[in-house]
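The values are calculated or read from the model by the stated rules, or taken from the named source; none is laboratory data. The shown structure was predicted, so the numbers you read here are calculated from the model rather than taken from an experiment. Note: ideal-geometry Cβ built from the backbone for every residue, glycine included; neighbour counts use all protein chains shown.
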Amino acid sequence: MTTRPLQIRLAAHAGYCFGVKRTLEMTENTLRDAGARKVYACGPLIHNASVMRDLARRGLRFIESQDEAERGGLLVIRSHGETEAFHLEAAAKGLAIVDATCPFVKRIHGLVRAAHARGNTVVIIGDARHPEVIGINGWCGGEALIVKNAEEADRVRADKLFAVAQTTTVLSDFETIAARLARPGRTLKLRNTICDATSKRQESCREIAEEADAMLVIGDRNSANTRKLFEIAKRTCKNSHFIENINDLPLKALRKCNTIGVAAGASTPERMIKEVIANMTTVNTENTENTMDETTEKTMADYMAEIEKSLRLPRTGEIVTGIVIQVSNRDVIINLGCKKDGVIPKDEIALEPEQTLLDAFKEGDEVQAKVLKTDDGDGNILLSKKKVVINEHWEDINRALEDKSTLDVKVIKEVNGGVIAVFKEIYGFIPLSQLSDRFVEKADEFIGRVLTVRVTRLDQRKNKVVFSHKAVLAEARQKRLQAIWDSINVGDVIEGTVMRFTDYGAFVDIGGIDGLLHISEISWGKLKHPQEVLKIGQKIPVKILSIVREKEKISLGYKQNCPEPWSVIDEKYYVGQIIHGKAVQIKDYGVFVELEPGLDGLVHISEIAFKRVNNISDELSVGQNVAAKILEIDKNRKRISLSIKETLDKSFDGDARTAVEEEEDVDAAFAFAEDAAPAETAADIVAEETAPAEEASAEETPVEASFAEEVPAEDIGEASEDIAAEDLAPAEEAEEADSAARDGE
Ligand code: SF4
């Protein structure tokens, strides 16, 4: 025979409703705290005899009329509520009211009282004999019209109606009656005050019954809503049974069933449901051949665990999840699936400005809250949503510490050794040393700023957390540098900024990394100091010459932005050309003239003047501008031979005053003429000033050679090093030239 596990399916909504549960808890608390005072109830609080017997055993006295109660006693009002007159009577008799009226019913009392006071005729859609309806009517002077069906609605004559519903009214009935009440010329204000606890129980009972082989409806036969559930179950599942106590369990009838559905009325205690379920273990179904297989046991065990859970109360500090069952402007009531409801007071909820609890919550919402107290004094569990949010913030911080992610915090004040910064509602500390990747002397500039931080230390128990902004900056910098290292290649030309000088070059920032621009790589010519060419802060294109990633060293070149002068010599220079250059080095055998940075030519001593020159320094000085004629260009040996005297008038045999200097005088004359005279006369002045060279030279101050900046032999340029003196100098001077060349090496 096939063995199939026994399935027990409990309706999603079964057992005590919110109002009943609240009434019983308030009664229990009252009995516990009453001391010597007597506790009364006018009639049964709920329709469940066993629960009432239990309360009676614990001291609750059931009375028919308040006359039976002793003055000073405590009078519990059941969830259905009572009339206003009942309350007044109790006060007059010196009885203290314990008002356990369901808040949903209490709300209706307020509505009808206000509507009646405004002159409306109150209509209650419901059963006139039901205690709840009697109670409601008692809050509008007993003048309400009570309408049970459409026909009764048609008989209503008043023109200004305010209609509410008994909480257990079926919605379709309410809609039908409301439609009949609405008439032209009549004012009708409708309030749907139906509580869905009943309809939900009925709906879930129907759903279960559709799939069940047998249905058990647990509750008291005096309970109207349990009887209604049984009716619904029976209509769908013929094998339905009304279970008032464990003796009613039809074990034989259940033996052939695989799926048993269980429903329970709003006044059925959970312990009774649990008891029935527990006894189901004794059901030996035919198809399991008198044995409960593992799956069946597991199903049962699971179910019992659920029941246990519903009976267990959460502990203080526990995070619980529940369903919103009531929202008011003061608090939110949560069904936690256990025997007590939770209440979240307004001040334990973080609301947006202008937001109300009614905006933020609605019945049926699932919410998480932290248990502050397992009893708030009214029999509810005191909850806080704010604390859950703070818990979530701590979780964010914990996560940030674990996965090294960042948080945004706002610096709010300076304290000794650092600042206080807040993440959502959690305050942390940032030491001064962790505020920035630069030195911070005073933290006041950070107040009010939002900083991205890492969590470096955390002690949630002590509410302590330490942040570091520096760590984030350092990581960002590291990433930036990594990106630069990954993107640069030898040969790339990129923009850099000159940051600082040293004697051997300049450091250039190429986006976070400093590269060395060696002095020899700044210019094709010779430099004494980088600042001859560069300025601090100057942006320049630099070529990457080498990268040593391990040592984080980059060599840069600047001169490479221009072609090496010898590589383009033919494009710019030719033999016979008169060039203008600067005397850069004076030797015994001649003077080196710089045509352009990196390109020097040698004017041999014999080519300086037509006269015999014994001491070059008597004729020329370093830095002096000269004109010279190119005698020879030797590309192989990279040598240029120049002659100054070839630019001079042969008849001139005086000082080696050159045509350049004469030109400079002419330039000066031009400048003077332009400043002093109209353009047409400037030419005349120029004509006068450009007198024969010998005259002009004779009148000028002779060149005074300066030795102050004589270039040391070791600084002689490549050209001068390579120039062999014997090629350029007479035989008797060759030895000296050789000596100079060796010094250059
Ligand atoms: S059925 Fe609704 S209105 Fe009635 S006591 Fe229960 S929760 Fe309150």
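Points worth noting:
- Answer residue from segment 313-323, given it is surrounded by fewer than 19 Cβ atoms within 10 Å (Cβ to Cβ) and not acidic (Asp, Glu) and is nearest to the ligand (Cβ to nearest atom) among those: Ile323
- Qualifying residue in segment 124-133 (condition: charged (D, E, K, R), modelled with pLDDT under 95, more than 16 Å from the ligand (Cβ to nearest atom) and surrounded by 15 or more Cβ atoms within 10 Å (Cβ to Cβ)): no
- One residue stands out in segment 1-32 among those that are modelled with pLDDT of 90 or more and more than 25 Å from Val276 (Cα to Cα): the one that is farthest from the ligand (Cβ to nearest atom), namely Arg32.
- Hits in segment 51-87 (condition: among the hydroxyl-bearing types (Ser, Thr, Tyr) and surrounded by 14 or more Cβ atoms within 10 Å (Cβ to Cβ)): Ser79, Thr83
- Unique match (being at pLDDT below 75 and surrounded by 15 or more Cβ atoms within 10 Å (Cβ to Cβ)) among Thr296, Thr291: Thr296
- For segment 621-644, filtering for residues that are part of a strand (DSSP E or B) and buried (at least 17 other Cβ atoms within 10 Å of the Cβ) leaves 12.
- Output for segment 512-556, where each listed residue is surrounded by 13 or more Cβ atoms within 10 Å (Cβ to Cβ), charged (D, E, K, R) and under 41 Å from the mean Cα position of the chain (by Cα): Asp514, Lys553
- Subset of segment 419-460 that is among the small types (Gly, Ala, Ser) and exposed (fewer than 14 other Cβ atoms within 10 Å of the Cβ) - its residue that is farthest from Gln478 (Cα to Cα): Gly448
- Condition met for Cys42 (within 16 Å of the ligand (Cβ to nearest atom), modelled with pLDDT under 95 and hydrophobic (A, V, I, L, M, F, W, C)): no
- On the stretch given as segment 591-620, residues that are of a type in the set (D, E, K, R) and either surrounded by 17 or more Cβ atoms within 10 Å (Cβ to Cβ) or assigned to a strand (DSSP E or B) (or both) total 5.
- Filter pass, Asp408 being at negative phi, surrounded by fewer than 14 Cβ atoms within 10 Å (Cβ to Cβ), at pLDDT 90 or above and outside the structural domain of Val343 (by TED's automatic domain parsing): yes
- Arg330 satisfies every condition listed in (1) touching an Asp or Glu at 6+ places or on another chain (Cβ under 9 Å); (2) of a type in the set (D, E, K, R); (3) surrounded by fewer than 19 Cβ atoms within 10 Å (Cβ to Cβ) except (1).
- Inter-residue pairs, beta-carbon under 8 Å, first farther than 12 Å from Asp213 by Cα and in segment 241-267, second acidic (Asp, Glu) and buried (at least 20 other Cβ atoms within 10 Å of the Cβ), 6+ apart: Glu244/Asp220; Gly265/Asp220; Ser267/Asp220
- When residues of segment 99-119 are limited to those that are away from the ligand (no atom under 16 Å from the Cβ) and either out of contact with any helix residue (DSSP H, G or I) (no Cβ under 9 Å at 6 or more places or on another chain) or outside the structural domain of Arg157 (by TED's automatic domain parsing) (or both), the one farthest from Glu25 (Cα to Cα): Gly119
- Being surrounded by fewer than 23 Cβ atoms within 10 Å (Cβ to Cβ), in a helix (DSSP H, G or I) and either free of Cβ contacts under 8 Å to residues at least 12 places away in the same chain or away from the ligand (no atom under 16 Å from the Cβ) (or both) is a description that does not apply to Glu143.
- Candidate set: segment 465-501, residues that are among the charged types (D, E, K, R) and surrounded by 13 or more Cβ atoms within 10 Å (Cβ to Cβ); chosen: the one nearest to Pro431 (Cα to Cα): Lys470
- Screening Lys346, Lys413 for residues that are over 30 Å from Phe104 (Cβ atoms), modelled with pLDDT of 90 or more and among the charged types (D, E, K, R) leaves exactly one candidate, Lys413.
- Residues being over 15 Å from Ser621 (Cβ atoms), small (Gly, Ala, Ser) and in a strand (DSSP E or B) - total across segment 569-588: 0
- Unique match (being at pLDDT 95 or above, under 24 Å from Leu31 (Cβ atoms), more than 16 Å from the ligand (Cβ to nearest atom) and outside the structural domain of Asp341 (by TED's automatic domain parsing)) among Leu161, Leu75: Leu75
- Scanning segment 309-368 for residues that are part of a strand (DSSP E or B) and of a type outside the set (A, V, I, L, M) yields a count of 10.
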